Amino acid sequence: MQRHFLRRIQKRTDYKQRLGLLKSGLHRIVIRKSINDIRVQVVQYDRKGDITRLEDKASSLKKLGWKGHCANMPAAYLIGYKIGKKMLASGIKQAVADLGLQTTTKGNSLFAAIKGVKDAGVDINLGDSAPIDISGKHIAEYARHLKSEKEKYQRQFSAYLKNGLDPENIEEHFKMVKEKLDRDGTSSI
């Protein structure tokens, strides 16, 4: 009888998928999403254990002026874009996405982070799962729809309003933070 690895028994690692990613010989972009944040890591395989070359979280976008939620589509794209800029600055030009065992659906925020990395200039295969809206248009439209119901609007967008961001203007806010990433290069990243 074959004994399975502990991480496989715990449903924490798909070894067949991992082996395929490692055979590519490329750095892996590991994206993990929680309720309030998105973490992106650039990981390189080593026989003694994986080495994390770069790492960042969407909550770090606050230093660049981001006032929105740190686990939504625009934040995912921006953190992917930011890590992509860091990768290029450190000489990493090609990578492969490692989404692990997370449930993925076409156009979700995990793919927004990958699109951000690709748009920064890193060669990474995105496939046809690219998100439709990365700038927050869907959030702005929902805010406009909900605005007539004041109590629901206040409850849904309380964090945005507390941070001084009108959710109806999230697209402009997204563009402002992206331009800051482009303008400042990797010096403030």
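The numbers here are math on the coordinates, done by the rules we state, and not lab data. Note that this is a predicted model, so its numbers are computed, not measured. Cβ sites come from the backbone with ideal geometry, for glycine too, and all protein chains shown count toward neighbours.
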Practice task
Would you mind checking which residues have amide H under 5 Å from LEU54's amide H? H placed 1.01 Å from N; only 5 or more apart, or other chain.
Solution key: VAL42
Fill in the blank from the handout: Computed ³J(HN,Hα) along the range 152-167: with the Karplus parameters 6.51/-1.76/1.60, θ = phi - 60°, integer Hz and x for glycine or proline, the list is 5, 4, 4, 5, 5, 10, 4, 5, 4, 5, 4, 7, x, 10, 6, x
Handout entry: Local electrostatic count, ILE134, Cβ distance below 13 Å [Lys/Arg +1, Asp/Glu -1]
Key = +2
Practice task
Could you please report the charge total around LYS162, scoring K, R as +1 and D, E as -1 over all other residues with beta-carbon less than 14 angstrom from its beta-carbon?
Solution key: +2
Problem - Whichever aspartates and glutamates have a C-alpha closer than 19 Å to that of LYS137, once near sequence neighbours (fewer than 8 apart) are set aside - result: ASP119, ASP166, GLU168, GLU171, GLU172, GLU179
Exercise for the section: Could you bin all the Cα-Cα distances of the range 41-136 into 5 Å bins starting at 0 and give me the percent of pairs in each, rounded to whole numbers? Expected result: 3, 14, 23, 25, 19, 11, 3, 1, 0
Problem - Per-pair calculated FRET efficiency, R0 = 30 Å: LYS93 and GLU172 via Cβ, rounded to 0.05 - result: 0.40
Fill in the blank from the handout: P(r) of the range 6-184 over all Cα-Cα pairs, 10 Å bins starting at 0, rounded to whole percent, reads 10, 36, 32, 15, 6, 0
Practice task
Show the residues, 5+ positions off or on another chain, whose built amide H is closer than 5 Å to the amide H of GLN94.
Solution key: ASP123
Practice task
Straight distance only, please: which lysines reach the Cα of LYS93 with their own Cα at less than 19 Å, same-chain residues fewer than 8 apart left out?
Solution key: LYS23, LYS82, LYS85, LYS115, LYS118
